[in-house]
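A short worksheet on the structure shown next.
Values quoted throughout were computed directly from the atomic coordinates according to the rules given, and no laboratory measurement underlies them. Not measured: the values here are computed from a predicted model. With ideal geometry, Cβ positions are generated from the backbone for all residues, glycine too; neighbour counts draw on all protein chains shown.
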Amino acid sequence: MIDIHTHLHPPKLFAAIRRWFAERSDWDLSAQPTEPHAVAAVLRDAGVERFVFFSYAHKTGMARELNAWLAATAADLGGFGLALGTVHLDDEAYLEDLRLALDAGCIGIKLHENVQNLAIDDARFDPVYRELAARGAFLLAHVGPIPWSYPPDEGAARVERVLQRNPDLNVVVAHFGVPDSARYFDLMAQHARLHLDTTMVFAAHSPVGGPVEIETARIEQHADRVLYGTDFPNIPFAYGSERAGIERLGLSATARRAIFHDNAARLIAAAGGEAEADSAAKRR
Ligand SMILES: [Zn+2]
């Protein structure tokens, strides 16, 4: 099992994020660890073979240092955890930030439209997306302001523009593209590099999502581009809930293997994550 969507943050930032959740939401995260090895231990105990983690550059001037921390943390985890870096468009040298992150071992980037106050179809991202595609690295994007509000359609339109302009870029849309999952499933037929992760959508009592009205047959049809993700450790429920929710869908063994492992393994391999894991293991 590979978890494509988890979070590790430097200690001060993680404390600030936890404070934000405590003050602004009713999510109880007190049971969840934050220290990287403690997070990794929970994942390992749950049967995870490999996980992808990332953070947020919510303001300018922090992406480069954050990416260095993420890459160093991945190395420290010996290849069990792989990092996505990030960029902030208002940083002067954001393209250089990206290159340094990829050189240091990040296998792509995470963008969060709401936290970073940006739109993923901003033309200033074009050189970023070209660089990612050229290196086989991928973009994982949290599109729009979910779970705090659910404006329909516009997010999917932005993703479609990114895919049209960057046909060689692998894109993973977080949270199953809620609230536009059906629209994304339509887009998947036309865009072979569009993926969705399951993060927080299938867990019982998840604060994200509401009803995902996608027939199991449609998930089967595009199971080669659906990836298991969880948002651990920033979830107000037990780690196993997401997996249990996906199991309840009654998918075929082929689809389950693709969602829980093969699709993520393919993205990681394309980004050189295998080599990265090997060299991290050797460095230990
Ligand atoms: Zn997340």
Label point distance in nm, Asn117-Ala217, each placed 7 Å from Cα along Cα→Cβ: 4.7
Mind computing the radius of gyration and Dmax over the alpha-carbon atoms of the stretch 137-284? Å is fine for both. 15.4, 47
The stretch 215-240 scanned against label point 7 Å out from Asp45 along Cα→C-beta; backbone N under 20 Å for 230-240
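So if I place +1 on the C-beta of Lys and Arg and -1 on the C-beta of Asp and Glu, and nothing else carries charge, what would the dipole magnitude of the chain be about its Cα centre? I want it in debye, nearest 20.
Details: 28 positive and 38 negative charges, 93 e Å.
Charge dipole, the chain, about its Cα centre: 440 debye, nearest 20.
Before rounding to the nearest 500, sum -39500 (n - 2.57) across all DSSP H runs of length at least 4 in the chain and divide by the residue total; then give [θ] at 222 nm in deg cm²/dmol.
Details: 13 runs with 122 residues, N = 284.
Taking each H run of at least 4 residues, the total per residue is -12500 deg cm²/dmol.
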Dividing the convex hull volume of the alpha carbon atoms of the chain by its residue count, what do you get in Å³ per residue? 114
Would you mind checking the stretch 237-269 for residues with the amide N under 20 Å from a putative spin-label position 7 Å along Cα→C-beta of His205? 237-249
Indicate the helices, whole DSSP H runs only, in the chain that combine a mean Kyte-Doolittle hydropathy of -0.5 or more with a Cα extent along their long axis of 18 angstrom or more. 11-24, 63-76
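Would you mind calculating the gained length between Ala31 and Ala134 on full extension (0.36 nm times residue separation, minus the Cα-Cα distance), in nm to one decimal? The partial results should precede the final answer.
Values: separation 103, 0.36 × 103 = 37.08 nm, distance 4.06 nm.
Answer, rounded to one decimal: 33.0 nm.
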Principal axis box of the stretch 123-184, alpha-carbon based, largest edge first, Å: 34, 20, 17
Along Cα→Cβ, 7 Å out, is where each label goes; now give me the distance between the ones at Ala244 and His261 in nm to one decimal. 2.3
Under 11 Å from a label point 7 Å along Cα→Cβ of Asp90: give me every residue in the stretch 36-74 with its amide N that close. 58-61
